[in-house]
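The values are calculated or read from the model by the stated rules, or taken from the named source; none is laboratory data. Predicted, not measured: the structure shown is a model, and the values here were computed from it. A quick note on method: Cβ atoms are made from the backbone with ideal geometry, for glycine too, and the neighbour counts reach across all protein chains shown. Quick note on the areas: whole protein, heavy atoms, side chains included, nothing else; ligands and nucleic acids left out. Shrake-Rupley method; radii C 1.70, N 1.55, O 1.52, S 1.80 Å.
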Amino acid sequence: MDALMDEDDGFDLEQAAARLWMTEDHLLDLRDQGHVIGLHSYSHPTDLAALDEARQRDEYRRNHAHLTGLLGAAPTVMSHPCNAYDARTLKVLGELGIVMGFRSNLHDCGGGPLELPREDHGRIARQMGLL
């Protein structure tokens, strides 16, 4: 991705970031509308399960601290980035008080409340003809 951005002389990273990522104001607005805000990692590694336990813990602790500070309450839910997680991830989430977690597919793996199936937003958008 970095190479593609470097090749495009007209690419504006700040403009792209403003269109791709939520701001703190977006999160506060969602909270104020009654939505539940949960963890999704700090830097969004695409293969979180490949990280050692300490790095996984750092990803979620940083995300947890950021959301707690911003929203005034500790998150208790999460969604697994790219569905990449393992037993170490579940242990870390439990340590942080996360009580509900969502997979990025509808496959029920029977793993408990930190591995609940959910429909992927990309699939919904394709079915609606948005992608």
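Remarks
- In this structure, Asp52 qualifies as among the charged types (D, E, K, R) and modelled with pLDDT of 95 or more.
- Unique residue being of a type outside the set (Phe, Trp, Tyr), in contact with a helix residue (DSSP H, G or I) (Cβ under 6 Å, 6 or more places away or on another chain) and in contact (Cβ under 8 Å) with a residue 12 or more places away in the chain when the list is Arg118, Arg88: Arg88
- Count of segment 2-34 residues which are within 17 Å of His66 (Cβ to Cβ) and either touching a strand residue (DSSP E or B) at 6+ places or on another chain (Cβ under 6 Å) or exposed (fewer than 10 other Cβ atoms within 10 Å of the Cβ) (or both): 2
- Residue count for segment 7-42, restricted to those that are touching a residue at least 12 places away in the same chain (Cβ under 8 Å) and polar (S, T, N, Q): 1
- Looking at segment 35-131, the helices (runs of 4 or more DSSP H) lying wholly inside it that each contain 1 or more residues that are open to solvent by 70 Å² or more (accessible area, probe 1.4 Å) and within 20 Å of Met22 (Cβ to Cβ) sit at 53-71, 121-127.
- Close pairs from segment 58-77: first closer than 15 Å to Leu93 by Cβ, partner open to solvent by 60 Å² or more (accessible area, probe 1.4 Å) and polar (S, T, N, Q), Cβ under 7 Å, at least 6 apart: Glu59/Ser43
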